[in-house]
Amino acid sequence: MEKSRKREGMYNIEIDIKNALDSEKPIEKLTIIAKKMYKKGLNSKQIYDIFLRYDISIGDNSDKKDILEDFMDMITNWYIGRDINLSE
């Protein structure tokens, strides 16, 4: 039962990430998703890993992949000048 809940939760996150990437302001939407996960108790590494799994799953869809990878750099403080602090 617990595994199915985790899968269902992950499925919802995947849908949220996909919808964010399809939106007019994907970075802002992805930030909201990441901050919600942080507020629910996930740490930065866990959040990064969720986005990484999604990144791997979308293959070479370059526009969305580029946006997602830029966002992942922002939440790990590797995107100079556009770092995102999840605790704010």
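Within the option set Glu24, Glu28, being part of a helix (DSSP H, G or I), at pLDDT 95 or above and out of contact with any helix residue (DSSP H, G or I) (no Cβ under 6 Å at 6 or more places or on another chain) holds for one residue only, Glu28.
For first residues located in the range 36-49 and farther than 15 Å from Phe71 by Cβ, partners that are crowded, with 16+ Cβ neighbours inside 10 Å and lie 6+ apart or on another chain with Cβ distances below 8 Å form the pairs Leu42/Ile50; Gln46/Met37.
Pairs meeting the criteria (first residue in the range 59-88 and closer than 19 Å to Lys35 by Cα and without any contact (Cβ under 8 Å) to a residue 24 or more places away in the chain, second residue outside any helix (DSSP H, G or I) and aromatic (Phe, Trp, Tyr), beta carbons under 9 Å, at least 6 apart or on different chains) are Asp73/Tyr79.
You will find that of Ile15, Ile33, the residue that is β-branched (Val, Ile, Thr), in a helix (DSSP H, G or I) and surrounded by 17 or more Cβ atoms within 10 Å (Cβ to Cβ) is Ile33 and no other. The set of residues in the range 40-60 that are exposed (fewer than 11 other Cβ atoms within 10 Å of the Cβ) and in a loop (DSSP other than H, G, I, E, B) comprises Lys40, Gly41, Gly59, Asp60.
The values are calculated or read from the model by the stated rules, or taken from the named source; none is laboratory data. Computed from a predicted model, the values in this text were never measured in an experiment. As a convention, Cβ positions derive from the backbone with ideal geometry for all residues, glycine included, and neighbour counts pool all protein chains shown.
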